[in-house]
Amino acid sequence: MFDNLSEKFADAFKNIQGKGKISESNIEDALKQVRTALLEADVNFKVVKQFINAVKEKSLGEKVITGVNPEEQFIKIVNDELATIMGTANEEVNLDRTGVVPILIVGLNGQGKTTFSGKLSLHLTKKKNKKVLLVPADTFRPAAKDQLITLAKSMEMDWFDSDLSTHPKTIATDAMAFAKENGFDVVIIDTAGRLHVDVELMEQIKEVRESLASFDPEVLMVADAMTGQEAVNVAKSFHETVNLTGVVLSKMDSDARGGAALSIRHVTGVPIKYISTGEKMKDLELFHPDRLAGRILDMGDVVSLVEKAEEVIDQKDAEDMMKNLEKGKFTVEDFLKQMDMMKNLGSMGSILKMIPGMGGMMRQIGDLSPAEDEMTRMRVIINSMTKKERQDYKVVKESRITRIAGGSGTTESQVKDFLAKFRQMEKMMGGMMQMMKGGGMPGMAGGAPGGMPGMPGMGKPKKPRKKGGKWGGGFF
Ligand SMILES: Nc1nc2c(ncn2[C@@H]2O[C@H](COP(=O)(O)OP(=O)(O)OP(=O)(O)O)[C@@H](O)[C@H]2O)c(=O)[nH]1
Ligand SMILES: [Mg+2]
């Protein structure tokens, strides 16, 4: 996400390194580079101008704080300003009202409307306890109905059998009546896209919106984050015609440029409510301006990482592992479970990026695939080990090594290499347990990718955090 932008910002900040204090001449080069970085990311020029002015003004007005170096002070100001232009706090769709809530999903062709409709239905069902009805209303492309219904079925979500021979506004009102009769809380209406903003499409969506006026609909526009300012222009057109209540940025997992995220709110006044981060139904995040700013500046996003961990990590597994660890035991079985937990969290790259400072390190390493390959190799080796061997790897000697190598399609030296690495991990886990008992926490415990023992800290079932989270973030 925004890799290019992150890299350019990191370069810009180097200009201030080692300077005694912030002064106009000190920050001049850095500001120039930040400006170029933003323009290259396709951020609207007015937004850039205002951003640079604000950062400059705040930097020069900043008092010298003892103990904080100018670079850190400058980064903090840039961080806060980035968050400010993207919005304030996160806003979700407003469901806090009586009656069925219609959510109209609009946008150009192929932007991810249908995918997002599915994701939102899952999110509102799972997280908000709502009964959701998915409504296909794309009367231009009949296959679109099947696409949405297939998604609905895969999630065991309810869907409306729209009559595609009628106008989408009729589908919408019919669906609302059906929803009311059958006790649904939310109706998500997936509409047709077009290649460009065209009069016919706008007219159609306008009519659908008007037909729902008495229900005060949410109208969310889905925009591909790779398209930069183009997305901003489209949002402007849609907003003028149908009065958007929110924007969704899709394909943030791909090569998103940043232009849309950083300009839409400022240019249109419409808040970004969600970001879509992959093709799977679970790949949906709330849009948090402050957290995204942190990710752009390589400050990580530990809060989102912990939240994600809470969602995907099996509490019982984690507790079992912790019990073992507390006894000073770390087995191959535990390691396998850790690898599985990691896998559920996402790719190695996406996890590392959420850890402060790791984005920069990843750029230096470049290709993470050797590390991913090694994880795969470890997994096949473990799969060829017996239960007894997984509980106590020390029993694995010559003939067992030959057997495991044969069974896993690896070489004996690869199996030996794994055992040697595991021995190191075991030692490291022992050391970490000591530190945990002593209260002090090291930063990221994994070491360099390649021999990384998962993220051991994920498994710790700590006392609930203040806000009810189950897992502390001690290791991050
Ligand atoms: N990588 C990635 N792909 C996505 C994301 N959202 C959607 N896609 C893909 O983008 C393509 C288009 O998505 P759709 O949801 O069908 O888009 P749409 O806006 O409904 O398209 P039309 O109905 O034809 O206008 C599909 O191949 C999706 O799998 C995302 O967040 N990340
Ligand atoms: Mg569609």
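Values quoted throughout were computed directly from the atomic coordinates according to the rules given, and no laboratory measurement underlies them. A quick note: this is a predicted structure, and the numbers were derived from the prediction, not measured. Here the Cβ is made from the backbone with ideal geometry for all residues, glycine too, and neighbour counts use every protein chain on show.
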Worksheet item: Within segment 1-32, which residues are in a helix (DSSP H, G or I) and under 25 Å from D253 (Cα atoms)?
Response: D3, N4, L5, S6, E7, K8, F9, A10, D11, A12
Practice prompt. Name every residue in segment 142-169 that is among the polar types (S, T, N, Q) and either surrounded by fewer than 17 Cβ atoms within 10 Å (Cβ to Cβ) or in contact (Cβ under 8 Å) with a residue 40 or more places away in the chain (or both), in order of residue number.
Written response: T150, S154, S165, T166
Worksheet item: Out of all the residues in segment 213-221, is one or more touching a residue at least 24 places away in the same chain (Cβ under 8 Å) and over 17 Å from G107 (Cα atoms)?
Response: yes
Item to complete: Output the number of residues of segment 134-192 satisfying the condition of being in contact with an Asp or Glu (Cβ under 6 Å, 6 or more places away or on another chain) and over 18 Å from K113 (Cα atoms).
Response: 0
Discussion item. I need a count of the residues in segment 233-273 that are within 16 Å of ligand 1 (Cβ to nearest atom) and either in contact with a His (Cβ under 8 Å, 6 or more places away or on another chain) or among the acidic types (D, E) (or both).
Written reply: 2
Worksheet, complete the sentence: Considering segment 197-212, residues that are touching a residue at least 24 places away in the same chain (Cβ under 8 Å) and away from ligand 2 (no atom under 16 Å from the Cβ), and then whichever is surrounded by the fewest Cβ atoms within 10 Å (Cβ to Cβ), we arrive at E210
Fill in: Whichever residue in segment 76-133 is hydroxyl-bearing (S, T, Y) and either surrounded by fewer than 21 Cβ atoms within 10 Å (Cβ to Cβ) or away from ligand 2 (no atom under 16 Å from the Cβ) (or both) and, among such residues, is farthest from P289 (Cα to Cα)
T98
Item to complete: Taking the options V222, V208, name whichever one is of a type outside the set (K, R), within 13 Å of ligand 1 (Cβ to nearest atom), within 29 Å of N129 (Cβ to Cβ) and not in a loop (DSSP other than H, G, I, E, B).
Response: V222
